[in-house]
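The values are calculated or read from the model by the stated rules, or taken from the named source; none is laboratory data. What you see is a predicted model; the values in this text were computed from it and never measured. In this analysis, Cβ positions are derived from the backbone assuming ideal geometry, glycine residues included, and neighbour counts consider all displayed protein chains. Ligands, DNA and RNA are excluded from the accessible area calculation, which covers all protein heavy atoms including side chains. Shrake-Rupley method; radii C 1.70, N 1.55, O 1.52, S 1.80 Å.
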Amino acid sequence: MARKKEYKEEEVIENAMYLFWQNGYENTSMKMLEQEMGINKFSIYSSFGSKHGLFLESLKCYNSKIKKIFEKLKNASNGVEDIKEFFYDSVKIGSQLGNKKGCLLTNTYNEFSESEDFLIKNEMNVFMSNLKNIFIEKLNTDASKSEETVLKQANFLLLAKHGLAAASRVNTKKEIEDYIEMTFKNI
């Protein structure tokens with residue numbers, strides 16, 4: 001007879017998410033996961049199959065936590081101002097979630113850039129593609145911009161978002177605000 005789980009799966013996934021967010025995938029050991037999640041290795045393997053499986057669940061957990069700011073961006077109707085607000089919101093969410101380690105997805109994107117891990121790379125590519133498409137949609141609200149300009153600005157903003165995630169790990173609030181303001185000065 002199977003044993004009943006003595007933990008809430010959502011809670012242990014969230015604990016793992018914070019650990020991966022803080023340390024990255026490679027620098028997070030199974031021992032660290034056991035301690036942070038409060039369950040043993042057998043339970044981790046039984047529930048998630050592997051560290052990799054747990055990491056994928058952690059990315060899903062993170063996506064659900066940032067969903068609100070993405071929905072706000074998608075549903076807003078002020079074009080570039082909405083993207084700028086998204087930049088501010090994305091910095092805030094790291095602080096609200098108690099973690100000043102940038103964006104878990106951007107960190108993962110950077111960590112796995114040289115990897116051949118199809119599942120992780122696919123998650124990251126889907127995320128980045130969706131974000132870029134939202135940027136394009138918002139930039140297209142300005143009818144004076146050519147298709148080429150919109151695409152260049154969307155690429156620039158995607159790269160700026162990566163830079164913001166890295167900067168938010170180490171820079172002051174004022175420096176982050178200056179970065180965001182200068183990013184949008186000529187957009």
Whether any residue in the stretch 173-182 is in contact (Cβ under 8 Å) with a residue 40 or more places away in the chain and of a type in the set (A, V, I, L, M, F, W, C) is what I want to check. yes
Pick from VAL91, VAL150, VAL170: which is open to solvent by less than 70 Å² (accessible area, probe 1.4 Å) and free of Cβ contacts under 8 Å to residues at least 24 places away in the same chain? VAL150
Can you name the residue in the stretch 107-125 that is without any contact (Cβ under 8 Å) to a residue 60 or more places away in the chain and in contact with a Ser or Thr (Cβ under 9 Å, 6 or more places away or on another chain) and, of all such residues, is least open to solvent (accessible area, probe 1.4 Å)? MET124
Only one of these is under 19 Å from the mean Cα position of the chain (by Cα), hydrophobic (A, V, I, L, M, F, W, C) and open to solvent by less than 30 Å² (accessible area, probe 1.4 Å): ILE39, ILE13. Name it. ILE13
Among the listed residues GLU11, GLU36, GLU85, GLU81, identify the single one that is touching a helix residue (DSSP H, G or I) at 6+ places or on another chain (Cβ under 6 Å) and assigned to a helix (DSSP H, G or I). GLU36
Exactly one of (1) closer than 30 Å to LEU139 by Cα; (2) over 13 Å from the mean Cα position of the chain (by Cα); (3) surrounded by 15 or more Cβ atoms within 10 Å (Cβ to Cβ); (4) not hydrophobic (A, V, I, L, M, F, W, C) is unmet by TYR62. Its number? (2)
Can you name the number of the only condition in (1) among the hydroxyl-bearing types (Ser, Thr, Tyr); (2) more than 19 Å from TYR7 (Cβ to Cβ); (3) touching a Lys or Arg at 6+ places or on another chain (Cβ under 9 Å); (4) modelled with pLDDT of 90 or more that SER43 fails? (2)
